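The values are calculated or read from the model by the stated rules, or taken from the named source; none is laboratory data. All values derive from a computational prediction rather than experimental measurement. Cβ atoms come from the backbone with ideal geometry, glycine included; neighbour counts cover every protein chain shown. Surface areas here come from the heavy atoms of the whole protein model, side chains and all, with no ligands, DNA or RNA. Shrake-Rupley method; radii C 1.70, N 1.55, O 1.52, S 1.80 Å.
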Amino acid sequence: MHNARYIELKRMDVRKFFRENIKNLTPYSTARDEFQGTLGTYLDANENPYDNGYNRYPDPHQRELKRRLGEVKGVPVQQIFIGNGSDEPIDLVFRVFCEPGRHNAVSMAPTYGMYQVAAAINDVQMREVQLEPDFSLNEEKLLAATDAATRLLFLCSPNNPTGNLLPAAQVERILRAFHGMVVLDEAYIDFAGWEKSFLHRLDEFPNLIVLQTLSKAWGMAGLRLGLAFAQPVVIETMSRVKYPYNINVVTQKLVYDRLAQGLEAQVAEICSERQRVVAAMQTLPIIRKVYPTDANFVLVKVEDARGLYNRLIEEGVIVRDRSRIAGCAGCLRITIGTPKENDHLLQILSQA
Ligand code: PMP
């Protein structure tokens with residue numbers, strides 16, 4: 001039985017999930033689509049001809065950067081989409097897969113707020129399935145919220161703001177059971193361990209879209225670069241719908257160069273600081289509960305979340321008050337900083 005279902009999944013043709021108008025969309029053809037070359041007199045794009053490093057339009061297909069990212073991630077370039085932060089592919093999946101006012105999406109809750117906002121912008125109903133009190137996911141409840149009009153199912157692992165990683169076997173069961181696209185947001189996966197990623201399993205699951213970002217472990221939030229990975233027909237369709245020049249010249253160049261430095265040293269440092277901060281917090285009377293985390297932040301439950309939030313602000317430390325979110329009553333989300341910043345935080349907490 002298990003085997004039969006697997007074969008069925010391999011054969012799943014996801015093109016049937018594309019919106020009708022998107023299936024037949026002719027994308028804007030840029031000047032740089034019509035002529036590709038590096039040497040020449042460019043009088044085709046109405047640019048200012050005087051070179052300042054950014055007077056020319058960027059490569060709309062980000063070829064060089066994709067090649068480099070393909071090496072770094074171990075994924076063929078045909079399976080990579082580059083967006084203006086992950087927020088761009090989050091919006092695009094609604095535009096590619098959901099008919100406004102007709103299709104719906106399902107996500108766990110609490111989770112990253114942009115799925116809900118992007119759904120609302122696109123006039124797509126978002127059905128939120130509450131996580132259990134320990135923030136584990138009940139997959140039966142999640143799947144029960146889907147119906148024939150559900151095109152997208154959002155999973156976030158490690159999840160924001162709870163910090164926990166979803167068990168791989170559970171993600172796999174959901175991928176097999178759901179007849180639609182599963183968007184697995186791995187924004188924080190580098191802090192959980194690279195080997196936990198589903199990136200190397202794209203060929204097993206035609207309905208899988210993995211999101212990653214350079215905003216977290218890679219330290220490039222200001223450059224705005226998010227990634228989506230999926231089978232080529234999904235990537236090709238998302239690319240037809242995106243803004244032609246969505247990644248600017250400066251970002252393409254700086255990211256390309258910065259990728260050579262790697263991320264291991266800083267990730268190791270942040271993870272060891274996470275362990276130290278969590279251990280110290282567990283001894284503080286003001287902290288009622290420190291939730292387990294696989295990310296670069298930790299969710300803590302305290303007696304008076306707003307009061308502590310304000311106290312921290314007085315000391316110049318800004319954290320995220322998540323106490324009004326369902327399931328997170330009394331909770332603050334605290335990012336792991338530098339050792340010095342973490343010392344400062346712990347000192348305030350120990351005196352509060
Ligand atoms: N996904 C998750 C789970 C996030 O927490 C965030 C940012 N807070 C993002 C995506 C957005 O990242 P980006 O900077 O790539 O838009």
request  = Tell me which residues, restricted to segment 77-96, are away from the ligand (no atom under 16 Å from the Cβ), touching a residue at least 40 places away in the same chain (Cβ under 8 Å) and open to solvent by 10 Å² or more (accessible area, probe 1.4 Å).
outcome  = Gln78, Gln79, Arg95
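I need a count of the residues in segment 127-183 that are among the β-branched types (Val, Ile, Thr), part of a loop (DSSP other than H, G, I, E, B) and either closer than 25 Å to Arg102 by Cβ or not assigned by TED's automatic domain parsing to the domain that holds Leu92 (or both).
We begin by selecting, within segment 127-183, every residue among the β-branched types (Val, Ile, Thr); these are 129, 146, 150, 162, 171, 174, 182-183.
Subset that is part of a loop (DSSP other than H, G, I, E, B): 146, 162.
Filter once more, so that each one left must be either closer than 25 Å to Arg102 by Cβ or not assigned by TED's automatic domain parsing to the domain that holds Leu92 (or both): 146.
Total meeting the criteria: 1.
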ask   = If a residue has to be surrounded by fewer than 22 Cβ atoms within 10 Å (Cβ to Cβ) and within 15 Å of the ligand (Cβ to nearest atom) to count, how many in segment 97-110 make the cut?
value = 1
ask   = Quick one: Phe191 ticks every box in (1) open to solvent by less than 10 Å² (accessible area, probe 1.4 Å); (2) away from the ligand (no atom under 14 Å from the Cβ); (3) not charged (D, E, K, R) bar one, so which box is it?
value = (2)
ask   = Does Ser239 satisfy the condition of being within 16 Å of the ligand (Cβ to nearest atom), in contact (Cβ under 8 Å) with a residue 12 or more places away in the chain and among the polar types (S, T, N, Q)?
value = no
query = When you go through (1) of a type in the set (A, V, I, L, M); (2) assigned to a helix (DSSP H, G or I); (3) touching a helix residue (DSSP H, G or I) at 6+ places or on another chain (Cβ under 6 Å) one by one for Leu25, which number turns out not to apply?
reply = (2)
remark   = Screening Leu152, Leu214 for residues that are under 30 Å from Gln252 (Cβ atoms) and in contact with a Cys (Cβ under 7 Å, 6 or more places away or on another chain) leaves only Leu152
inquiry  = Condition (residue is open to solvent by 10 Å² or more (accessible area, probe 1.4 Å), over 17 Å from Pro158 (Cβ atoms), in contact with a helix residue (DSSP H, G or I) (Cβ under 7 Å, 6 or more places away or on another chain) and away from the ligand (no atom under 16 Å from the Cβ)) applied to segment 206-225: is it met by at least one residue?
reply    = yes
message = Considering only residues that are among the basic types (Lys, Arg) and either within 16 Å of the ligand (Cβ to nearest atom) or without any contact (Cβ under 8 Å) to a residue 40 or more places away in the chain (or both), which ones fall in segment 49-76?
response = Arg63, Lys66, Arg67, Lys73
remark   = Within segment 281-294, residues being under 15 Å from Thr335 (Cα atoms) and either of a type in the set (Asp, Glu) or crowded, with 17+ Cβ neighbours inside 10 Å (or both) number 5
